[in-house]
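> To start, I am sharing the structure in question, which I have written as structure tokens.
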Amino acid sequence: MSTQALKTTPADIVSRTAASIETLRPVYDLVAADFRAVNQLIPTKLTSDVDLVSEIGTHIVASGGKRLRPLMVLLTSGALEYKGEHHIRLAAIIEFLHTATLLHDDVVDRSGLRRGKVTANEKWGNAPSVLVGDFLYSRAFQMMVDIGQLDIMGILAAATNTIAEGEVLQLTNIGNIATTETEYREIIRCKTALLFEAACHTGAVLASDKTDASPELMRRFGLHFGITYQLVDDWLDYVGDSEALGKNVGDDLAEGKLTLPLIYAIQNAPAKQRQTVETAIARRSVAELPDVLEIVRSTGALDYVYQAIRNEADQALCCLEALPQNSYVAALRTLTEYSTSRLF
């Protein structure tokens, strides 16, 4: 990556993000009918005799976002020529699981902003947010029973369990300046990549028989895509702005989270700069953010993370090359390219 790319301004990021989102329009158009069916199903499954459950659930599910995870269910099942209707329910299940993790994440992180809007915990408090997250998890598993495939339920049960472990792992590493890249990668595998992996894996299982190699290719694609996506988010946290990110710049630093740009900077900065970063982490404050940003840039951390992103994206694309090629596989390729396009 050129030095100029690392000097991207907030205005550049907003403009380029808008342009890259536009490139996704043909992807959504490809599954437009299915996506409408998913969006119609979701509200019917948010109903509850307890009004606050429906209110909070609707708030976060309808609060924006690209719904990439359910989209990937639809694209994966389409790529493997699935002819049934369970992919609609499966896509809604994946969205409910994702929404539940967002509710819990925001409570743990004490976040006040999500996708540019006030979080549920900020509006209603922590206890209701956690409990509605639990409701969404349980509703998702009710819907899994309706699909009636034990292998799909097994994949999603294992995924939700590991995601919870990832949350705990991240929590135990808050403020830990000795966090290694290996530990960080395990955290993002569990917390972020795993649901992308499960979305692609279950979508493929739905469409394939037990002798088909496609589910394993799709599983690996989802894993590498998910890691790519999180690495890009972590990169943007040190070059972006709130409008582009949908959260406050420097949130990771303020929360004491060591992501790959910061881990690399700590390992490669001179002693005085390393102390500045360690002080900022210890204080859980963005007051030192300008200094930390400069250290991240000067140590080459953004270049290093960029190379990691390209490596993961290339591995994801390799998985797609091994599949029979059609418009759905092409759309998954476009999604991968969109993910990395947010860097420029």
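The values are calculated or read from the model by the stated rules, or taken from the named source; none is laboratory data. Here the structure is a predicted model, which means the values were calculated and not measured. Quick reminder, even Gly has a Cβ in these numbers, built from the backbone with ideal geometry, and neighbours come from all protein chains shown.
> With the requirement that a residue be acidic (D, E) and either touching a residue at least 12 places away in the same chain (Cβ under 8 Å) or buried (at least 17 other Cβ atoms within 10 Å of the Cβ) (or both), what does the stretch 22-38 give you?
Within the stretch 22-38, just D34 meets the criteria.
> All but one of (1) of a type in the set (D, E); (2) at pLDDT 90 or above; (3) outside any helix (DSSP H, G or I) hold for E95; which doesn't?
(3)
> Please work out which one of (1) crowded, with 20+ Cβ neighbours inside 10 Å; (2) within 26 Å of A164 (Cβ to Cβ); (3) among the hydrophobic types (A, V, I, L, M, F, W, C) is the condition W124 fails and give its number.
(1)
One line per residue, one yes/no per condition, for (1) touching a residue at least 60 places away in the same chain (Cβ under 8 Å); (2) of a type in the set (V, I, T); (3) surrounded by 14 or more Cβ atoms within 10 Å (Cβ to Cβ):
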site	(1), (2), (3)
L293	no, no, yes
Y304	no, no, yes
R310	no, no, yes
L317	no, no, yes
Q325	no, no, no
Y328	yes, no, yes
R333	no, no, yes
Y338	yes, no, yes
S341	yes, no, yes
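> For D233, work out the one condition from (1) in contact with an Asp or Glu (Cβ under 8 Å, 6 or more places away or on another chain); (2) modelled with pLDDT under 95 it doesn't fulfil.
(1)
> If I266 satisfies all but one of (1) surrounded by 18 or more Cβ atoms within 10 Å (Cβ to Cβ); (2) over 29 Å from K66 (Cα atoms); (3) touching a Gly at 6+ places or on another chain (Cβ under 7 Å), what's the number of the condition it fails?
(3)
> State which residue pairs qualify: first residue among the hydroxyl-bearing types (S, T, Y) and inside the stretch 160-174, second residue modelled with pLDDT of 90 or more in any location, beta carbons under 6 Å apart, and separation of 6 or more residues or different chains.
Note: pairs meeting the criteria are T162/C190; T162/L194.
> Scan the stretch 160-172 and give yes if some residue there is within 24 Å of L30 (Cβ to Cβ) and surrounded by fewer than 17 Cβ atoms within 10 Å (Cβ to Cβ), otherwise no.
Checked the stretch 160-172: no residue is within 24 Å of L30 (Cβ to Cβ) and surrounded by fewer than 17 Cβ atoms within 10 Å (Cβ to Cβ).
> Can you find even one residue in the stretch 192-204 that is within 20 Å of the chain's Cα centre (by Cα), of a type in the set (D, E, K, R), crowded, with 18+ Cβ neighbours inside 10 Å and at pLDDT 95 or above?
yes
> What are the residue pairs meeting all of these: first residue in the stretch 39-54, first residue at pLDDT 90 or above and exposed (fewer than 15 other Cβ atoms within 10 Å of the Cβ), second residue of a type outside the set (F, W, Y) and not in a helix (DSSP H, G or I), Cβ atoms under 9 Å, and 6 or more apart or on different chains?
If the second residue must be of a type outside the set (F, W, Y) and not in a helix (DSSP H, G or I), no pairs are left.
> Separate question: Would you mention how many residues in the stretch 34-88 are within 23 Å of the chain's Cα centre (by Cα), of a type outside the set (A, V, I, L, M, F, W, C) and farther than 25 Å from A204 by Cα?
Result for the stretch 34-88: 6.
> Just one of (1) at pLDDT below 90; (2) assigned to a loop (DSSP other than H, G, I, E, B) trips up P290, so point out which.
(2)
> Of the conditions (1) more than 17 Å from the chain's Cα centre (by Cα); (2) under 28 Å from E337 (Cβ atoms); (3) part of a helix (DSSP H, G or I); (4) not charged (D, E, K, R), L323 satisfies every one except a single condition; which number is it?
The failed condition is (3).
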